[in-house]
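Chemist: This is the structure I have questions about; it appears just below.
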Amino acid sequence: YYGTDQIAVQSDLIKSKYLYSFLKKNSPDIEIKIKDYYTQIMSRIYLENFKMIGKMVYKRMNPISTYNEILVPIIQKQSFFSRKTSITDSTAFFELGETRHRLIHDILSPPQSFGDVHYPVEALVRSMYQTLIDTITMETTFANNFFEDANIGMSIFSATSRFMESFITELFGKINDPISLLLFYRFAIAHHKEMNNRKISLLDAHFNSIQQKIESRFKSLMTINRNAIENCDIS
């Protein structure tokens, strides 16, 4: 898990740094085994933790963003088995709103703790990615210091990065609210810039890919909504 547990474990391990340096000089085969073992264990831990966070996102997110809604509601003919859909029945998920407006200013705030209720999907995703970049920063800093290997972070987080790619791709496919996608795009830009400021390039390809997928999904939704406006009943 994250937070104090991660710090405590690393604080204990750093005490063995000089023993590891001794092995690196005098017993390279043992040193390589230690590094490989550490990489495998930490890779598995981080992957499982982010899988749990991913499940939490689906469980806690407000389903409104996945509703099959368009800007101009489709008017259904009234019959015995159905009723006419009016504009007042439409959800307001095209609005930015106070909560989502606040997220724009809190993108790099610490991850939020969530209770057993529904939350905007944007809040959950923002916290998930803030957890990711903070975790990578802490782990990479420690591993570079302990193992003196600038590339070890890639080995530790490659599985987690692949999971995040598939998770966020699946999530985008369910989102029908263009405002949600715009916020996700803003998050990706801010987190990418923050990682560059921290001089960690491990997620560069991931954030570039995410932005391209958001653009594609956003254009698709815009086409659907534009067609709905052009073809709507003017009455």
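Chemist: Which residue, 49, 26, 151, has the most motion in a Gaussian network model of the chain that connects Cα atoms within less than 10 Å?
Modeler: Most flexible of the set in this elastic network: 26.
Chemist: When the solvent-accessible surface of protein heavy atoms is calculated with a 1.4 angstrom probe, in what order do 9, 125 fall, highest first? Mind showing how you got there, number by number?
Modeler: Numbers: 9 85, 125 5 Å².
In descending accessible area the options line up as 9, 125.
Chemist: When the accessible area of region 94-139 is split by element with a 1.4 Å probe, what percent falls to carbon and sulfur?
Modeler: Values: 1210 of 2180 Å².
Here carbon and sulfur together make up 56 percent of the probe-accessible area.
Chemist: A further question follows. Report, in debye and to the nearest 20, how large the dipole of the chain comes out about its Cα centre when Lys and Arg carry +1 and Asp and Glu carry -1 on their Cβ. Before the final figure, lay out each step's value.
Modeler: Values: 27 positive and 25 negative charges, 39 e Å.
The calculated dipole for the chain is roughly 180 debye.
Chemist: A further question follows. Return a whole-number percent for the relative contact order of the chain, with Cα pairs under 8 Å and 6 or more residues apart as the contact set. Kindly include the intermediate steps, with their values, before the conclusion.
Modeler: Numbers: 194 pairs, mean separation 60.0, N = 235.
Relative contact order, the chain: 26 percent.
Chemist: Moving on. Given the options 217, 126, 162, which has the most mean-square fluctuation in a GNM of the chain, springs set between C-alpha atoms less than 10 angstrom apart?
Modeler: 162
Chemist: Per residue, how big is the convex hull around the C-alpha atoms of region 109-175? Give it to me in cubic angstrom, could you? Provide the component values of the computation, followed by the final result.
Modeler: Details: hull volume 6.8 nm³, N = 67.
With only Cα atoms used, region 109-175 gives 101 Å³ per residue.
Chemist: Ok, one more. So which lysines can residue 33 reach, going by Cα to Cα under 24 Å and dropping same-chain residues fewer than 8 places off?
Modeler: The reachable lysines, counting only those whose Cα sits under 24 Å from residue 33, are 15, 17, 24, 25.
Chemist: Okay, next question. What residue among 190, 159, 205 has the largest mean-square fluctuation in a Gaussian network model of the chain, using Cα springs under 10 Å?
Modeler: Comparing 190, 159, 205 in the GNM, the peak value goes to 205.
Chemist: Keeping all protein chains in position, work out how much accessible area residue 41 exposes to a 1.4 Å probe, and write it in Å² to the nearest 10.
Modeler: Around 50 Å² of this residue is reachable by solvent.
Chemist: Hey, another quick one. Over what distance in Å are the Cα centres of region 9-72 and region 109-186 separated?
Modeler: That distance is 12 Å.
Chemist: Quick one: if the Förster radius is 30 Å, what FRET efficiency do residue 209 and residue 15 give, using the C-beta to C-beta distance and rounding to 0.05? Can you show the working numbers first?
Modeler: Numbers: r = 39 Å, r/R0 = 1.30.
The value I calculate is 0.15.
Chemist: Need one value: the accessible area of residue 56 in square angstrom, 1.4 angstrom probe, rounded to the nearest 10.
Modeler: 50
The values are calculated or read from the model by the stated rules, or taken from the named source; none is laboratory data. This structure is a prediction, so every number in the text was calculated from the model and none was measured. Every residue, glycine among them, receives a Cβ derived from its backbone with ideal geometry; neighbour counts consider all protein chains shown. When the accessible area is computed, the model is the full protein with side chains, heavy atoms only, and any ligands, DNA or RNA have been set aside. Shrake-Rupley method; radii C 1.70, N 1.55, O 1.52, S 1.80 Å.
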